[in-house]
Every structure is written in C-alpha cells, then in structure tokens.
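Take a look at the structure set out below.
Any read-out appearing in this document is the output of simple, stated calculations on the displayed coordinates, not a laboratory observation. Not measured: the values here are computed from a predicted model. Note: ideal-geometry Cβ built from the backbone for every residue, glycine included; neighbour counts use all protein chains shown.
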Amino acid sequence: MSTAMNFSSKSFRPRAPDKGSFPLDHFGECKVFKDTFMQCLRGNSFDNSKCRLQSKDYLECRMDNQLMAREPLEKLGFKDIMDEPSSEKPESKPSGQ
C-alpha cells in the first residue's frame with residue numbers, strides 16, 4: 001500500500017481579511033488617536049457611546065493610512081455626527097455691506 005502526498009492538487013490562495021479585521025499599526029501612525037479613544041473609554045466606564053467622536057477620528061486615521069479599507073463613515077454608524085458639506089452650511093455675510 002503506497003501513500004503518496006500530492007501537495008500540488010490544492011494551492012493556497014490568499015484572501016482579504018474578514019470585515020472587522022485589519023492590520024496592526026506597527027509604525028504607530030494612529031497611536032495618538034487610539035490613546036485618546038482609550039482614555040475616553042476608561043473615563044466613561046467603557047461606555048463607547050460617549051466616545052463616538054474619538055472613535056470616528058481613530059477610524060479616519062486608519063483609513064487615511066491604509067490600515068483598513070476605506071468605508072463611508074455613514075456606513076460605519078457615524079451619519080448623525082458627520083460634518084455638514086460646505087454647500088449646506090449657512091454662508092456668512094460680509095460685515096459692513
């Protein structure tokens with residue numbers, strides 16, 4: 001009885017990480033944002049609803065530095081705290097005219 005192992009029949013094909021998985025920040029590019037977010041969590045008994053702005057800033061940093069896939073912030077649950085586009089902001093009138 002001969003048993004031959006045939007490794008060539010299945011090849012390894014890498015795939016993108018599952019949603020929610022992303023690379024570690026080895027170079028500390030977002031360390032300041034992470035530390036601010038963690039400090040907010042500790043100060044609010046780990047109630048993340050009180051640290052949404054810090055969370056948004058941290059995720060934006062990660063996306064800006066290609067540490068996670070770019071996603072619209074609305075899709076990540078930040079629609080209610082998004083900055084208004086400049087076209088929707090009231091224009092200031094020049095003074096004295």
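Considering only Cys40, Leu59, Leu73, and ranking their Cα positions along the charge dipole of the stretch 23-88 that arises from unit charges at the beta-carbon of Lys, Arg, Asp and Glu, the one farthest toward the positive end is Cys40. In this rough spin-label picture, where each label sits 7 Å from Cα along the Cβ direction, the Arg70-Arg42 distance is 3.4 nm.
For the pair Ser49 and His26, a Förster radius of 25 Å applied to the C-beta separation gives a FRET efficiency near 0.25, rounded to the nearest 0.05.
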